[in-house]
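S.K.: Below is one structure. I have some questions about it.
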Amino acid sequence: RGKEEDPKAPPNEGSVAKAIFGGQVKSEVTCPACKNVSVTRDAILDLSVGITASSCSSVEDALKAFTSPEKLGKGNEYKCEKCKASVQATKRLLVSHAPNVLAVQLKRFDFTPSGTRVKLSKRVSFPESLSLARFLSSDATSQSHAYYDLFAVLVHEGKSINSG
């Protein structure tokens, strides 16, 4: 996990599930002090993207939020491996290897002001066709098959994550 030995190696070797659903997400954390960029790559079998009450009314919105730069704020500082400073770095996730078959999981839970976790029942639209091109890293190894046709939708009908 997080190794840079061979960033171009396909993350889908080893099993049928990995060959079908296997992809890779690249995390880039940029230190504002020395401009060092720390890169890690993680194998995925699905993209787990958040839906919030105030935004993300579509799968595209959720993917845009997933790949948008995030400022690591106070209490969540990053210790730079190069300059050793604890800083409020910028983190960005991108798809570095698009899977053959894309599975997207929508995290439809949010927190109330009192801290209670609630399931969001808002409507989320999804296209019949989806291109991951704008969510791919510049060094992505699978740009040629980053276009998907909708095949199925599964809806969890429980009131919480523990029922349904």
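S.K.: Tell me, what is the 1.4 Å probe accessible area of THR112, in Å² to the nearest 10?
M.R.: 50
S.K.: So, one more: Among (1) 16.2, 53; (2) 18.2, 56; (3) 17.4, 49, which is the computed Rg and Dmax of the Cα atoms in Å?
M.R.: (3)
S.K.: Can I ask one more? Which residue fluctuates the most in the chain, going by a Gaussian network model with Cα springs under 10 Å, if the choices are ALA33, ALA103, ALA43?
M.R.: ALA33
S.K.: Let me ask another. Calculated from DSSP H runs of 4 or more alone, at -39500 (n - 2.57) each and per residue, what is the 222 nm mean residue ellipticity of the chain, nearest 500?
M.R.: That comes out to -2500 deg cm²/dmol.
S.K.: Another one. Residues in region 92-119 near a label at ASN76, defined as backbone nitrogen under 14 Å from the 7 Å Cα→Cβ point?
M.R.: Correct set: 92-93, 111.
S.K.: For the chain, with a Gaussian network of springs between Cα atoms less than 10 Å apart, report the residue from LEU94, LEU120, LEU154 with the top mean-square fluctuation.
M.R.: Of the options given, LEU154 has the highest mean-square fluctuation.
S.K.: Defining a contact as two alpha carbons under 8 Å apart and six or more residues distant in sequence, what relative contact order in percent does region 45-164 show?
M.R.: 28
S.K.: To continue, here is another question. Roll a 1.4 Å probe over the protein chains and send me the accessible area per residue for the chain in Å².
M.R.: On a per-residue basis, 63 Å².
S.K.: Quick check: at a probe of 1.4 Å, how many percent of the accessible area of region 9-164 sits on carbon and sulfur atoms?
M.R.: Of all accessible area on region 9-164, carbon and sulfur atoms account for 53 percent.
The values are calculated or read from the model by the stated rules, or taken from the named source; none is laboratory data. Nothing here was measured: the structure is a model prediction, and the numbers come from that model. Every residue, glycine among them, receives a Cβ derived from its backbone with ideal geometry; neighbour counts consider all protein chains shown. Remember, those area values only see protein heavy atoms, side chains included, never the ligands or the DNA or RNA. Shrake-Rupley method; radii C 1.70, N 1.55, O 1.52, S 1.80 Å.
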